Amino acid sequence: MQAAVDDSVSALVSLQHAPAGVLIDVEGDSASQDRVQAAFEAMAPNTRRAYGSALRTWGQWAAAQQVSGLCPAPPELRRYLLERASEGAGVSSLTVFVSALRKLQALAVVEQTARDQLVVDTMSGLARQAAAPRQVSALTVGALAAIYETACFPRVGRGGVLEGPETALRRGLVDIALCWVMSDAGLRRSEAAALTWDDIARWDNGSGRLTVRRSKTDAGPRTVYLTPIAMAHLEAIRPEDADGSEPVFGLSVASISRRVKAAARAAGLGAGFSGHSGRVGMARRMARAGAPTHEIMAQGRWRSAGMVADYTRAENAERAAKWLG
């Protein structure tokens, strides 16, 4: 566990059974150092690895901030916890870090700043925030436009290799069509995965009709509207010899969620996007245009107005503007 080195540290203890390159900075005499060594060697391997990873990350931050790695002031610990949380670290990961630092401070017989009330309150606040229901980010027209502008840029793939231009273009065109169709039709990710070319019909005015044959809420097929721009994006990815029974996107349910998240991230839209973002986006787009609740319910295949109200509460609040002046 690579904690930051400061002037008060008198010894550097290496753990024989810890992951490679993991060290602990320990104050005190040889007895204190031996106590730390023995305690961490006695831990279960998974615990030792988790503590090692958490304190190694902390040590890098503390060194960069010129903060004591072994006995930091509580405000510095709070700053670190809030910064890590803002970067996406979960409460469970931060809890492991606090537990590891408390263990190290107790064994090294130093002031246990990790048990300070400020740290306890900070962790409680982060836990409450994590437990609070959060609405999924929506694929609105603005988000779709941002994705359209950036989707075809080469990205580093899951294997760590940068895409070539042709690969990036093919992947990007699918991402654009996927996001736009999910937002138009309010598709669930399972419905998007099951969509075939036979399920899409083009009308003379350029718009389209999409039949949702598989749904968790409907016993039978339901047909919904697609805008001309969504149809144009679908035409851009449709093979010339496409079989009507072939999947439109050729992606699994899990892959659809990953693709939506990645497209939003590449567009600079931030976190919160998922395979459910299309449904939220459709509801908000229609509400913003003044559509009545029953029309939004029909497009999204909702049986209750409650979900529509939840998704569109910000848009509904804006309606008061014309009356309040």
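The values are calculated or read from the model by the stated rules, or taken from the named source; none is laboratory data. Here the structure is a predicted model, which means the values were calculated and not measured. Note that each Cβ is placed from the backbone with ideal geometry, even for glycine, and that neighbours are counted across all protein chains shown. Note: accessible area is taken over every heavy atom of the protein model, side chains too, but ligands, DNA and RNA are not part of it. Shrake-Rupley method; radii C 1.70, N 1.55, O 1.52, S 1.80 Å.
The figures follow:
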read-out: Options VAL253, VAL280, VAL212; residue that is under 20 Å from the mean Cα position of the chain (by Cα), within 23 Å of VAL308 (Cβ to Cβ) and open to solvent by less than 60 Å² (accessible area, probe 1.4 Å); value: VAL280
read-out: Candidates VAL260, VAL280 - the one that is in contact with a Leu (Cβ under 8 Å, 6 or more places away or on another chain), modelled with pLDDT under 95 and not in a loop (DSSP other than H, G, I, E, B); value: VAL280
read-out: Residue in region 182-202 that is open to solvent by 20 Å² or more (accessible area, probe 1.4 Å), touching a residue at least 60 places away in the same chain (Cβ under 8 Å) and outside any helix (DSSP H, G or I) present; value: yes
read-out: Among the residues listed as GLY275, GLY268, the single one being open to solvent by less than 20 Å² (accessible area, probe 1.4 Å), out of contact with any Gly (no Cβ under 7 Å at 6 or more places or on another chain), within 23 Å of GLY142 (Cα to Cα) and assigned to a loop (DSSP other than H, G, I, E, B); value: GLY275
read-out: Test for VAL141: is it in contact (Cβ under 8 Å) with a residue 60 or more places away in the chain, in contact with a His (Cβ under 7 Å, 6 or more places away or on another chain) and open to solvent by 30 Å² or more (accessible area, probe 1.4 Å); value: no
read-out: Odd one out for ARG258 among (1) of a type outside the set (A, V, I, L, M, F, W, C); (2) out of contact with any Lys or Arg (no Cβ under 6 Å at 6 or more places or on another chain); (3) within 19 Å of GLY300 (Cβ to Cβ); value: (3)
read-out: Test: residue in region 241-249 that is under 16 Å from ALA177 (Cα atoms) and outside any loop (DSSP other than H, G, I, E, B); value: yes
read-out: Meets criteria (surrounded by 14 or more Cβ atoms within 10 Å (Cβ to Cβ), in a loop (DSSP other than H, G, I, E, B) and within 27 Å of the chain's Cα centre (by Cα)) for LEU178; value: no
read-out: Tabulated pairs, region 83-98, first over 19 Å from LEU70 (Cβ atoms), second among the basic types (Lys, Arg), C-beta under 8 angstrom, 6+ apart or interchain; value: SER93/ARG84
read-out: Members of region 289-314 found to be within 22 Å of ARG209 (Cα to Cα) and open to solvent by 30 Å² or more (accessible area, probe 1.4 Å), listed by number; value: ALA289, GLY290, PRO292, THR293, HIS294, GLU295, MET297, ALA298, TRP302, ARG303
read-out: Qualifying positions in region 59-117 - modelled with pLDDT of 85 or more, over 22 Å from the mean Cα position of the chain (by Cα) and under 22 Å from PRO45 (Cα atoms); value: GLY59, VAL98, SER99, ALA100, LEU101, ARG102, LYS103, LEU104, GLN105, ALA106
read-out: Helices (runs of 4 or more DSSP H) contained in region 25-123 and holding at least 3 residues within 30 Å of GLY270 (Cα to Cα) and open to solvent by 40 Å² or more (accessible area, probe 1.4 Å); value: 45-65, 74-86, 91-108
